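Input: a single structure, listed below in structure tokens.
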Amino acid sequence: MTMHAVRPDVSDLVLCAFERPLHPELFVHWRSMALSNGAMVLDARLHSAGHVLVVRVGSWAMTEVLSDRREPLPRHSRLFQHRLRGCHDAMAELSSGLRYSVSASIEQLTHATFLRHNEELIGDCFAANLSVCFESENRFSPGAVSLLRIEATRDSLLVHAFHTFPEHLAVVKTQSLFELI
């Protein structure tokens, strides 16, 4: 099922992490899911600019957000905020006994390569844990795709996220690892 949403300019994306949960009302979510590995609970949501991941360990929580930099995000308990340019890596060991590491990249592709990659991601949506295909903004380009693949073990959660930005021939990829130490 496709939905209509406007993607922001890929150059306006930020990756943020918070050592607390954020109010769900901050974002209009298109799809969401929850997953538990026994030690941690993951609440994953897709929105028009990217994703929100909330990981809970007992009563403690942390949040990762990929969003438009113009979104009003709180400053309280923010671990970092980085505008996405090329590749970026970050890591934090948190008071809850959780180690968090993330790697994010923006790939600018040729038109033909982007179309091929976008079609592959559409095919991957059926096997993904969470996905959404957005309607095209015009008849000459495909609709945007967002999907999450999640690998859970007893002590870790690994989230692979893919978001396409057809107007910019770009794919944003993140890999987020949450592990108990």
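The values are calculated or read from the model by the stated rules, or taken from the named source; none is laboratory data. Bear in mind the structure is a predicted one, so any value in this text is a computation, not a measurement. No Cβ is skipped: glycine too gets one built from the backbone with ideal geometry, and neighbour counts run over all protein chains shown.
Structure notes:
- Filtering the stretch 86-112 to residues that are touching a residue at least 24 places away in the same chain (Cβ under 8 Å) and farther than 30 Å from D155 by Cα leaves E107, Q108, L109, T110, H111.
- Subset of the stretch 29-46 that is modelled with pLDDT under 90 and not hydrophobic (A, V, I, L, M, F, W, C) - its residue that is farthest from S103 (Cα to Cα): G38
- Total residues in the stretch 130-152, condition polar (S, T, N, Q) and either in a strand (DSSP E or B) or at pLDDT 95 or above (or both): 2
- Looking only at residues of the stretch 92-112 that are exposed (fewer than 11 other Cβ atoms within 10 Å of the Cβ) and either at pLDDT below 90 or aliphatic (A, V, I, L, M) (or both), we find that the one that is farthest from S11 (Cα to Cα) is S95.
One line per residue, one yes/no per condition, for (1) in contact (Cβ under 8 Å) with a residue 60 or more places away in the chain; (2) out of contact with any helix residue (DSSP H, G or I) (no Cβ under 7 Å at 6 or more places or on another chain); (3) over 19 Å from V55 (Cβ atoms):
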position: R116; (1), (2), (3): no, yes, yes
position: I122; (1), (2), (3): no, yes, yes
position: C125; (1), (2), (3): no, yes, yes
position: C133; (1), (2), (3): yes, no, yes
position: S141; (1), (2), (3): no, no, yes
position: V145; (1), (2), (3): no, no, yes
position: R149; (1), (2), (3): no, yes, no
position: A161; (1), (2), (3): yes, yes, no
position: T174; (1), (2), (3): yes, yes, no
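- Across the stretch 162-181, the number of residues qualifying as in contact with a Pro (Cβ under 9 Å, 6 or more places away or on another chain) and part of a strand (DSSP E or B) comes to 2.
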